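K.L.:
Below is the structure I would like to discuss, written out as structure tokens.
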Amino acid sequence: MMRFAYLGSGSKGNSAVIEADGTRVLLDCGFGLRDAEMRLQRLDLSAADLDAILVTHEHDDHLGGVARLARRHQIPVWLTGGTLAAWRDAPLELVRCISPHERFVIDDLQIQPYPVPHDAHEPCQYVFSDGARRVGVLSDAGSVTPHMREMLTACDALLIEFNHDAEMLQNGPYPESLKRRVGGSRGHLSNVQAAGLLSSIDCSRLRHLALAHLSTTNNTPQLALALAAEALGCTPDWLVCADQDAGLDWRQLS
Ligand SMILES: [Zn+2]
Ligand SMILES: [Zn+2]
């Protein structure tokens, strides 16, 4: 059995849980200690239930809460050397360094990392598998590479960044420099880019699509869901958005 959930997702903090059989990993933690513990509780989990924390990159909305959570509960943290180098308060005794190109295993979970273009030191994203099913995760990427498509094709569940609507970003309140960063090739995926990714990969096995890292300023769930549904040729009610505050309740892969 595989399942996943979000503690929360958005520019104020990201964290997801992915589980296969008895193994449970937290992906990123951009929430403070007490906040993270409360969000875990909402999913009927406690930090003691986590076998590992995986980190995608050093930005605060992903890494900000990892050190305290890992230290408090003695949870090993897996990340790339570049992310580690950019991490000031790393709990070195708990750190396991990975290559963003090499598959590794944590108990019942097989994990394939892959590099993404984002303005961090050595960012990577992950595809999780129990040997039969595949759960692909992608956030914080400014563009889509052929390698990313190869990694995310034929997944049973996808957790994909739909960060912004390009027009809302352009006409919105962000300063010009931030607009350029978010919309740039090492920034964040727009709705159109994310939908384009979906149309270009094999989605025939896809049973769950969770839209993540939506901007509260430059996007709306309605816009993102409509484009995702159009790309997949399905109705929007089949899809879900991970919310900044409410996260996303467990989704189980049958
Ligand atoms: Zn982020
Ligand atoms: Zn980032």
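K.L.:
Select from the stretch 114-135 the residues that are away from ligand 2 (no atom under 16 Å from the Cβ) and either in contact (Cβ under 8 Å) with a residue 40 or more places away in the chain or in a strand (DSSP E or B) (or both) and list them in ascending order.
P.N.:
Passing the criteria: Val127, Phe128, Ser129, Asp130, Arg133, Arg134, Val135.
K.L.:
Let me ask something else about it. Determine whether the stretch 211-221 contains at least one residue that is hydroxyl-bearing (Ser, Thr, Tyr) and either away from ligand 1 (no atom under 16 Å from the Cβ) or farther than 26 Å from Pro123 by Cβ (or both).
P.N.:
Residues of the stretch 211-221 hydroxyl-bearing (Ser, Thr, Tyr): 215-217, 220.
From the residues that got through so far, the ones that are either away from ligand 1 (no atom under 16 Å from the Cβ) or farther than 26 Å from Pro123 by Cβ (or both) too are 220.
Checked against the condition, which is being hydroxyl-bearing (Ser, Thr, Tyr) and either away from ligand 1 (no atom under 16 Å from the Cβ) or farther than 26 Å from Pro123 by Cβ (or both), the stretch 211-221 yields at least one hit.
K.L.:
Hey, does the stretch 159-169 have a residue that's modelled with pLDDT of 95 or more, loosely packed, with under 14 Cβ neighbours inside 10 Å, within 15 Å of ligand 2 (Cβ to nearest atom) and of a type in the set (S, T, N, Q)?
P.N.:
no
Conditions tested, residue by residue: (1) under 22 Å from Leu189 (Cβ atoms); (2) of a type outside the set (Gly, Ala, Ser).
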position	(1), (2)
Arg3	no, yes
Gly8	yes, no
Asp21	no, yes
Arg24	no, yes
Ala52	no, no
Asp60	yes, yes
Thr83	yes, yes
Val116	yes, yes
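K.L.:
Let me ask something additional. Can you pull out every residue in the stretch 37-75 that is away from ligand 2 (no atom under 16 Å from the Cβ) and either at positive phi or acidic (Asp, Glu) (or both)?
P.N.:
As a first pass, look at the stretch 37-75 and keep what is away from ligand 2 (no atom under 16 Å from the Cβ): 37-53, 67-75.
Residues satisfying the conditions are Glu37, Asp44, Asp49, Asp51, Gln74.
K.L.:
If the requirement is being modelled with pLDDT under 95 and either loosely packed, with under 13 Cβ neighbours inside 10 Å or hydrophobic (A, V, I, L, M, F, W, C) (or both), which of these qualifies: Asp60, Asp89?
P.N.:
Result: Asp89 is the single residue among Asp60, Asp89 that is modelled with pLDDT under 95 and either loosely packed, with under 13 Cβ neighbours inside 10 Å or hydrophobic (A, V, I, L, M, F, W, C) (or both).
K.L.:
All but one of (1) within 15 Å of ligand 1 (Cβ to nearest atom); (2) within 15 Å of the chain's Cα centre (by Cα) hold for Trp78; state the number of the condition that does not hold.
P.N.:
In the conditions (1) within 15 Å of ligand 1 (Cβ to nearest atom); (2) within 15 Å of the chain's Cα centre (by Cα), Trp78 misses (1) alone.
K.L.:
What about Arg186, is it modelled with pLDDT of 95 or more, basic (Lys, Arg) and within 16 Å of ligand 2 (Cβ to nearest atom)? Before you say what the answer is, go through the steps one by one.
P.N.:
Details: modelled with pLDDT of 95 or more: yes; basic (Lys, Arg): yes; within 16 Å of ligand 2 (Cβ to nearest atom): yes.
It is true that Arg186 is modelled with pLDDT of 95 or more, basic (Lys, Arg) and within 16 Å of ligand 2 (Cβ to nearest atom).
K.L.:
In addition: Taking only the stretch 196-223 into account, find how many residues are out of contact with any strand residue (DSSP E or B) (no Cβ under 9 Å at 6 or more places or on another chain), farther than 17 Å from Asp237 by Cβ and either buried (at least 23 other Cβ atoms within 10 Å of the Cβ) or free of Cβ contacts under 8 Å to residues at least 40 places away in the same chain (or both).
P.N.:
1
The values are calculated or read from the model by the stated rules, or taken from the named source; none is laboratory data. None of these values were measured; they are calculated from a predicted model. For neighbour counting, all protein chains shown are included, and Cβ atoms are generated from backbone atoms with ideal geometry for every residue, glycine included.
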